[in-house]
Amino acid sequence: MIADTAHSVRDAAGLRWPAPDGIPFLRAGRRPLAEAALYHCDAGDIEAALVLLLADQDDWWRGPTADPAGLRRLIRERATLTLREAMRLLAWGPVADYFAHRWSDPTFLAGLALTEAHWNAPESAFELACGIGHHLRELAQRGVTVTGVDVVFAKLWVARHWVVPQARLLCLDAAQPWPLEGPFDLVACHDAFYFLEPKRPILDALRGLLDPARGMLLIGHVHNRDWPNLSAGAALSAGEMAGLLPDARLYEDAELTRALAAGRAPQSASAEALRGAEAFAAAAGPGLRAAQPVTGLVALPPPGALLRRNPLYDEAGRIAWPSERYAHEYGPLATYPPETAQPPAAPLSPATAEAARRRELVDLPEGW
């Protein structure tokens, strides 16, 4: 894939695709949309192309379509809008709550624990279904060159402008051929694998990107089909996960969150022991070693980060959940206490490290 103009690319077969703001839109299942956006790009009307692409969603989406006038405002005012305002204009609803507070939710902490427990000092990383780039941001802050792929262009566009601007980002369907070449030291898919089909070919493609000597494959927060999950998707059992990745080390998702909160190594479990787990994770690849203690290399914000009080706390220092569903899904495993007296902002230091570990204090993007 090569740049064809300032706002388009050409693939190996010679087919042209729009790439406004440096994000190639390569969805094989949306070719008419790609052609319409490409028409606007070629005419010099990048705003019109973005309005089309930002309204696109994945096939699981059941929410509203964003208002075109709101999208035009988003595009024109993106330099002054906050991340939360951007997601409101994108009409993401409960998904916006998930992304706005993911910095402290237990599933994100589980992913950080999985990453740190099997840290291989990566120089390059790839994430499938990267969303708005939460995990990519953590890696980029530690000097890793990051590449992210997602099926929703708007999520990547938000990542570009609010979360991880230095990432290489591509929009495509997981089931189509990927115009990517490895190797990557770290390959991951967090909180999304249960949505993806067909699972075996997708896992094979992820493995194919690994560095053959030291690569690590991390599959985080896979919803268990044997547990009554809250989310849509194509969940699978731990036994099926073990069948797909027979060389993997499996973890209960909640165990990973607990390990981060306690600063210890997570304990792996057999597929049979995970039958009753809400969700689980897997680590595999040629670089797989015994899990190391989660002391803070990834679990804590990087040195120099300015921490803010977790925005889930209200002015009185008590948790104010964004919705009943959010409280039900994330509240039981939350690592932050129901009340806090922590200051609204502080630098990372030994005095604030434990509050950061519990996520009373969080490292939010500047434009949160």
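The values are calculated or read from the model by the stated rules, or taken from the named source; none is laboratory data. Because the structure is a prediction, the values reported are computed rather than measured. Please note: Cβ atoms are built from the backbone with ideal geometry, for glycine as well, and neighbour counts cover all protein chains shown. Remember, those area values only see protein heavy atoms, side chains included, never the ligands or the DNA or RNA. Shrake-Rupley method; radii C 1.70, N 1.55, O 1.52, S 1.80 Å.
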Exactly one of (1) touching a strand residue (DSSP E or B) at 6+ places or on another chain (Cβ under 9 Å); (2) open to solvent by 20 Å² or more (accessible area, probe 1.4 Å); (3) not in a helix (DSSP H, G or I) is unmet by residue 40. Its number?
(3)
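Out of everything in the range 269-284 that is within 23 Å of the chain's Cα centre (by Cα) and of a type in the set (Gly, Ala, Ser), what residue ends up being surrounded by the most Cβ atoms within 10 Å (Cβ to Cβ)?
Ranking the candidates gives 281 first.
Would you check which residues across the range 140-155 are within 23 Å of residue 57 (Cα to Cα) and touching a residue at least 24 places away in the same chain (Cβ under 8 Å) and list them?
Residues satisfying the conditions are 147, 149, 151, 152, 153, 154, 155.
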Among the candidates 95, 51, single out the residue that is under 15 Å from residue 156 (Cβ atoms), hydrophobic (A, V, I, L, M, F, W, C) and part of a helix (DSSP H, G or I).
95
Checked the range 145-173 for anything of a type outside the set (A, V, I, L, M, F, W, C) and either touching a Lys or Arg at 6+ places or on another chain (Cβ under 7 Å) or in a helix (DSSP H, G or I) (or both); matches are 147, 155, 160, 161, 173
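Among 171, 130, which is the only one that is surrounded by 24 or more Cβ atoms within 10 Å (Cβ to Cβ) and touching a Cys at 6+ places or on another chain (Cβ under 9 Å)?
Among 171, 130, only 130 is surrounded by 24 or more Cβ atoms within 10 Å (Cβ to Cβ) and touching a Cys at 6+ places or on another chain (Cβ under 9 Å).
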Every residue in the range 344-368 that is free of Cβ contacts under 8 Å to residues at least 40 places away in the same chain, in a loop (DSSP other than H, G, I, E, B) and open to solvent by less than 60 Å² (accessible area, probe 1.4 Å), please.
349
Selection from the range 1-21 of residues that are open to solvent by 50 Å² or more (accessible area, probe 1.4 Å) and touching a residue at least 60 places away in the same chain (Cβ under 8 Å)
1, 12
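Do we have residue 333 as hydrophobic (A, V, I, L, M, F, W, C), in contact with a Pro (Cβ under 6 Å, 6 or more places away or on another chain) and open to solvent by less than 10 Å² (accessible area, probe 1.4 Å) here?
In short, no.
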Suppose we filter 287, 296, 263 for residues that are open to solvent by less than 40 Å² (accessible area, probe 1.4 Å) and in contact with a Ser or Thr (Cβ under 7 Å, 6 or more places away or on another chain); which single one remains?
263
Are there any pairs, at least 6 apart or on different chains, whose C-beta atoms fall under 6 Å, with the first in the range 307-323 and of a type in the set (Phe, Trp, Tyr) and the second crowded, with 16+ Cβ neighbours inside 10 Å, and if so, which?
313/340
Within the range 140-162, restricting to residues that are surrounded by 23 or more Cβ atoms within 10 Å (Cβ to Cβ) and among the aliphatic types (A, V, I, L, M), the one that is nearest to residue 191 (Cα to Cα) is 151
Condition test on residue 74, is it crowded, with 18+ Cβ neighbours inside 10 Å, at pLDDT 95 or above, more than 30 Å from residue 290 (Cα to Cα) and aliphatic (A, V, I, L, M)?
yes
How do the pairs read when you match residues in the range 43-64 that are more than 16 Å from residue 76 (Cβ to Cβ) with residues anywhere that are of a type in the set (D, E, K, R) and assigned to a helix (DSSP H, G or I), using Cβ under 8 Å and keeping only pairs 6 or more apart or on different chains?
56/30
Would you confirm whether or not the range 85-106 contains a residue that is β-branched (Val, Ile, Thr) and farther than 22 Å from residue 368 by Cα?
no
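Quick grid of which residues meet (1) among the small types (Gly, Ala, Ser); (2) in contact with a His (Cβ under 6 Å, 6 or more places away or on another chain); (3) within 20 Å of residue 366 (Cβ to Cβ):
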site: 58; (1), (2), (3): no, no, no
site: 70; (1), (2), (3): yes, no, no
site: 74; (1), (2), (3): no, no, yes
site: 86; (1), (2), (3): yes, no, yes
If we keep only residues of the range 174-192 that are assigned to a strand (DSSP E or B) and out of contact with any Leu (no Cβ under 6 Å at 6 or more places or on another chain), then the residue surrounded by the fewest Cβ atoms within 10 Å (Cβ to Cβ) is 190
